[in-house]
Structures are given as C-alpha cells and as structure tokens.
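The block underneath contains the structure these notes are about, expressed in structure tokens.
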Amino acid sequence: MNNAELREQRARRAGRRAWGRYLLALLAWVAAVIAMVFMGVLVCSSVTWYAGSPLYQLLTWVRDYIVFVCALTVLAGWVVISYVFIGRSARDMEWLLAGAEELAHPTASPIRLPQTLQSAEDQLNLVREQALLGARTAKEAEQRKNDLVVYLAHDLKTPLTSVIGYLTLLRDEPQLSPEMQARYTGVALEKAERLEDLINEFFDITRFSLSHLELEKRDVDLKRLLEQMCSEFGPVLARRQMTCALDLPGELRLICDPDKMARVFDNLLNNACHYAYPGSTLYVKAWEADAQVTITFQNAGATIPPEKLSRMFEQFFRLDPSRGSHTGNAGLGLAIAKEIVEAHGGAITAQSAQEQVVFTVTLPL
C-alpha cells in the first residue's frame, strides 16, 4: 500500500470519526430534552399549583403544546451543535489553508497549527523540510553545473586557440621540415581530441539532465564484458605504467542492459585510471553469491576523506576540480553509473582507507 492510499484511509477514518461525534452530540441532546421533559413532569406533579399563578399558566401551555415545544427545543439544539461542528471545521480548514500557503514559500520557521490539528501540522512540517532540502539540493546542483559549464567553456578556448595557431603555421610556412610539420600536426590533433572530449562532456550533461533511462535487458556474458572493457583500457593503463589484474569465475552471466553496464564499467575504470597511483595495479574481481553478482574495482590511491566519499555519486561532483577540468571529467561519470545500477535494481558504493579505494557494484540475478 502506497502513501497516497494510506493518506486516503486516514482521511476516511477522520471523516467517520467527525460524523460519529456529530451524531453522538445530536443523540445526546435529544436524550437530554426527553430527560428534561420527564424530570419536569415529575417535579410539577409533586408541587401544589394555583390557577392564578403565571408560572402555572405557562406550564399548562407547555403541557398542551409539549410536542411543539420539544421539537422546537431539539431543532434549536441541532442548529447550535451544527454551528459548533461546522465552525470548528471551517476554522480548521482556514488553518490548513494558511499552512498550505506557507509551503509555497517555505521558511526556516516551522508551521504551527492548533493542538487539534497536530497530525496535520506534523505532515505539513515534513513536507516543508523536504521542500527546503529539495530546494537546497537543486540550488547546489545548479551552481555546480554552472561552475562546470564555466570551466568547460574556458577550457574550450585553450585547445581551440592551439589548433588554430598550429594550423596557421602549417598554412603560412610551407617550407617547414617534415619533422616540424609532423610535430605541429600531432599537437593540433591532440588539441582537437581534447576539444572532442570536452564537447562529449556537454552532451553527457544534456543527456543526464533531460533523458529518461530506458533499459534493454538480455542475457549477457558478464565475464567476457569485463575482460573486454579492461582490455580496451590497456593503452590508458600503459601510459600510467599501471596493470590490471582480473579475478573472475569460470562463467558469469547476468540479465542486464549490456550497453548501459559497459558504461558503468567504463566510468569506474576511467575513474581508477585518473586517480590511482602511477605504477600501481588495478584489481577487478567478480563473484556470484546469494542470488546476486558482486563486482569490485580496487586501486591504490590517495585516501578519500569521508566528507568527500559520501558525495562521490552526486551530479557534477569532482574529487579534484582542477584535475577534473584538465582530464575532461565533468563529475557525471559516477552519478550516471549509480543511476544505471539502481535502474537494474542494484547498488553501488565506495570505500576508501589506507590509500586504497574500492568501488563495489551489486546486481540481482
């Protein structure tokens, strides 16, 4: 049963209780009128009356029209009781509307309602806290995104200027030696590749912000996928004098979206290559137990502080902003990996201690 159904049930129970109290009050008033009539008859019967007494004449008139008097008394009580209940409901509604208006522009001050609306006050304050938290989170994410766009826009200009400069030299200096031409061409190509990386970062930001993640699951040889991904990172690992050690079972299959999972592994391997110590070993291990597959990526690197470790999977968060900008890391890789893993019903976590960083991915079979 979801929250909406629970709220609906609570509202129905509260409505039934209110109607129950209202009907009980009416029945109590009718019973009180009947009791007063009988008490009046008993009292009047025990008293000696004189025909000329005004009170005797009044009581005689009441006796002659007892049905009318009782009906009028019951009707008057019904009006008063209805006014009390309706007025209370109207006042409660006004308090609730005032509290709901405060939710449109929540402040640090909690919403206060009468004691009779304590439950509604708690619910409104819970929504207020969630709205404040969501607003803060959205503001921080927007600020990080704006900062990142500024970084990337600044970085776009540097390689573009280099490309234009070296191509201009190649155009204006036709007598350059083949060695110099090859050198300038190589630098221009390197800067152009850097531009491509930065542009891909912009596409990642757009896809992450606007797209809806849809999975195309099928039976996948996860062992082969991991071996292929690690093999593709061979040149990157070689440039940092790193090696990759695989510890995989003889067979490992999983129902998943292979393209999405390849991106998860690519992001984790790329993260390890950027932040691991040069000359170290990257350990990739996978095993199957308790109806789930567990994959770990362990590398030697600077110990990550707990306050940063808890934010590793936030959008646009970069462990080292200056280095992230240099390597083209927008701080989206781990956030996207988390989204993909959770869409598969799994979980991804990060641990760091004693200059070891371990990312753990668990996926249900």
Of the residues in segment 254-271 that are in contact with a helix residue (DSSP H, G or I) (Cβ under 9 Å, 6 or more places away or on another chain) and among the aliphatic types (A, V, I, L, M), the one that is surrounded by the fewest Cβ atoms within 10 Å (Cβ to Cβ) is Ala262
Here the qualifying pairs (Cβ atoms under 8 Å; residues six or more apart or on different chains; first in segment 272-294 and within 19 Å of Leu365 (Cβ to Cβ) and at pLDDT 90 or above; second open to solvent by 50 Å² or more (accessible area, probe 1.4 Å) and among the acidic types (Asp, Glu)) come out as Lys285/Asp247; Ala286/Asp247; Thr294/Glu288
Only one of Arg128, Arg136 is modelled with pLDDT of 75 or more and either on the phi > 0 side of the Ramachandran plot or open to solvent by less than 40 Å² (accessible area, probe 1.4 Å) (or both), namely Arg128
Taking segment 278-293 and keeping only residues that are in contact with an Asp or Glu (Cβ under 8 Å, 6 or more places away or on another chain) and open to solvent by less than 40 Å² (accessible area, probe 1.4 Å), one is left with Val284, Ala286
Residue check, Gln181 loosely packed, with under 12 Cβ neighbours inside 10 Å and at pLDDT 75 or above
no
Condition test on Ala71, is it surrounded by 12 or more Cβ atoms within 10 Å (Cβ to Cβ) and either among the hydrophobic types (A, V, I, L, M, F, W, C) or at pLDDT 75 or above (or both)?
yes
Based on this model, can you work out whether Ala276 counts as among the hydrophobic types (A, V, I, L, M, F, W, C), touching a Gly at 6+ places or on another chain (Cβ under 7 Å) and at negative phi? yes
Quick check on segment 254-268. Is at least one of its residues closer than 16 Å to Asp221 by Cα and more than 27 Å from the chain's Cα centre (by Cα)? yes
Answer yes or no as to whether Glu342 is among the acidic types (Asp, Glu), at pLDDT 85 or above and either touching a Ser or Thr at 6+ places or on another chain (Cβ under 9 Å) or buried (at least 17 other Cβ atoms within 10 Å of the Cβ) (or both).
no
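The values are calculated or read from the model by the stated rules, or taken from the named source; none is laboratory data. These numbers were taken from a predicted model, which means no experiment stands behind them. Positions of Cβ are generated from backbone atoms using ideal geometry, with glycine treated the same way; all protein chains shown enter the neighbour counts. Side chains are part of the model used for accessible areas, which takes the heavy atoms of the whole protein and leaves out ligands, DNA and RNA. Shrake-Rupley method; radii C 1.70, N 1.55, O 1.52, S 1.80 Å.
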